[in-house]
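Shown next, in structure tokens, is the structure this report addresses.
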Amino acid sequence: MNKKLRKLIVPVCAVLVFSACSTPKNIAYFTDVNDGATIALAESKGITLRPSDKLSIVVNTKSAELNNVLNLPAITHVIGSSEALSLNQSQGMSGYTIAPDGNIDFPLIGKVKAAGLTRTELATKLKQILEEKDAAKDAVVTVEFLNIGFSVLGEVHSPGFHSFVNDKTTLLQGISRAGDLTLYGNRNNVKVIRTEDGKQQVYVVDIQNTEAMMKSPAYILQQNDVIYVEPNNYRKRQSSANASEVTTASFWLSAISAIATLAVLVFK
């Protein structure tokens with residue numbers, strides 16, 4: 001074999017191998033923004049309450065007796081026992097599920113419309129009604145989420161259901177809760193599936209387009225949102241029946257280029 005040809009075989013083979021096995025390099029975030037850049041976010045109240053949402057509502061006043069009336073008892077089940085212990089709400093947590101008509105039934109007040117409000121708005125509304133009905137003049141009302149969260153599926157490190165920890169959880173925070181995308185996640189086509197007015201609305205977000213992402217209606221997550229990160233082409237090929245076959249365009253371009261180079265050197 002020509003000595004000159006032998007010297008070329010190793011680097012050419014290396015080029016072919018790396019071309020076939022290379023993974024996408026476009027995985028970094030925020031490469032399209034500069035230091036000091038400001039981006040206006042899409043307007044959002046944050047999480048607005050819906051029927052079936054479950055809430056913790058705690059009312060504290062100066063009267064211990066009134067507290068016992070306004071706060072539902074918490075039921076704690078003891079392991080190994082069929083009995084349930086009823087505790088005063090000051091030691092536990094009450095749960096209110098929003099009815100299909102959007103209302104909750106609150107002690108001393110009756111039905112209160114909760115759907116469509118944020119938890120802060122609901123707390124303010126309850127405090128106002130308690131004062132108007134002379135039920136409590138010094139009440140401090142706290143509303144927290146109990147069963148509200150979002151799901152993350154696909155090419156992330158920790159897929160699953162995650163509870164909200166604040167009222168305006170962003171798409172990026174949601175992804176970070178799932179451990180970030182894997183190297184094989186398609187960052188240009190992240191889908192957020194949201195239930196709105198009884199229908200499934202799909203938002204497609206390019207998280208490498210910073211401005212478009214932050215202006216998307218899906219940037220601030222809502223309850224029961226599903227974030228789906230689809231696999232990139234490399235991962236799709238791995239999972240296909242012919243994953244072992246070399247079919248990428250970049251591979252064939254590199255192969256043709258290498259063969260042409262060898263042909264020129266051999267027949268020169």
Accessible-area value, Thr97, 1.4 Å probe, nucleic acids and ligands omitted, Å²: 80
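Under the √(5λ) rule applied to the eigenvalues of the Cα gyration tensor, what semi-axes describe the equivalent ellipsoid of region 112-175? Give them in Å, descending.
35, 9, 9
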Estimated FRET transfer efficiency when R0 is 41 angstrom, pair Asp180-Ala99 (beta carbons, to 0.05): 0.60
Solvent exposure ordering (accessible area, 1.4 Å, most first) of Glu65, Glu211: Glu65, Glu211
Cα-based Rg / Dmax (Å) for region 93-245: 20.4, 77
Candidate aspartates and glutamates - alpha carbon under 18 Å from Lys62, same-chain residues fewer than 8 apart omitted: Glu131, Glu132, Asp134, Asp138
Karplus-derived 3J(HN,Hα), 6.51/-1.76/1.60, for each residue of region 49-65, Hz, glycine and proline x: 5, 9, x, 6, 5, 10, 10, 9, 10, 10, 10, 10, 10, 6, 9, 5, 5
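The values are calculated or read from the model by the stated rules, or taken from the named source; none is laboratory data. It should be emphasised that the depicted structure is a prediction, and the values quoted were computed from it without experimental measurement. FYI the Cβ positions are ideal-geometry reconstructions off the backbone, even for glycines, and counts take in every protein chain you see. Just the protein is used for accessible areas: all its heavy atoms, side chains included, with ligands, DNA and RNA removed. Shrake-Rupley method; radii C 1.70, N 1.55, O 1.52, S 1.80 Å.
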